[in-house]
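Heads up, the thing below is written out as structure tokens.
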Amino acid sequence: MTTARHHYLEIIRHNLRINLVEEKEVINELETHIEDRLDELKESGLSEEEAERTCLGLLGSAKVIAR
């Protein structure tokens, strides 16, 4: 199942203009950051879906981040 966060990371990956090694590092770092924030939001009482929506909303546009 593709989640909103995977779709979000795919948009970033598609819009990055860096070499593959750097791309992998950036995506791994973002994925870790997102997972950490999701855990915090779920611990505060949000469901998985609510936490994911909130987290991605706080990060902002995937295309802007990729710049």
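Across segment 31-67, what is the number of residues that are under 20 Å from Ile11 (Cβ atoms) and either of a type in the set (A, V, I, L, M) or touching a residue at least 40 places away in the same chain (Cβ under 8 Å) (or both)?
Residues in segment 31-67 being under 20 Å from Ile11 (Cβ atoms) and either of a type in the set (A, V, I, L, M) or touching a residue at least 40 places away in the same chain (Cβ under 8 Å) (or both): 15 in total.
Give me a count of the residues in segment 3-24 that are polar (S, T, N, Q), under 14 Å from the mean Cα position of the chain (by Cα) and more than 22 Å from Glu52 (Cα to Cα).
Residues in segment 3-24 being polar (S, T, N, Q), under 14 Å from the mean Cα position of the chain (by Cα) and more than 22 Å from Glu52 (Cα to Cα): 0 in total.
Of everything in segment 1-39 that's among the basic types (Lys, Arg) and surrounded by 15 or more Cβ atoms within 10 Å (Cβ to Cβ), which residue is farthest from Ala66 (Cα to Cα)? I'd like the intermediate steps shown before the answer.
Of the residues in segment 1-39, the ones among the basic types (Lys, Arg) are 5, 13, 17, 24, 37.
With surrounded by 15 or more Cβ atoms within 10 Å (Cβ to Cβ) added as a condition, the list becomes 5, 13, 37.
Values: Arg5: 15, Arg13: 7, Arg37: 19 Å.
The extreme case among them is Arg37.
No lab work stands behind these numbers, since they all come straight from the coordinates. On a predicted model such as this, the values are computed, not experimentally measured, just so you know. Counting neighbours? That spans all protein chains shown, and the Cβs are built from the backbone with ideal geometry, glycine included.
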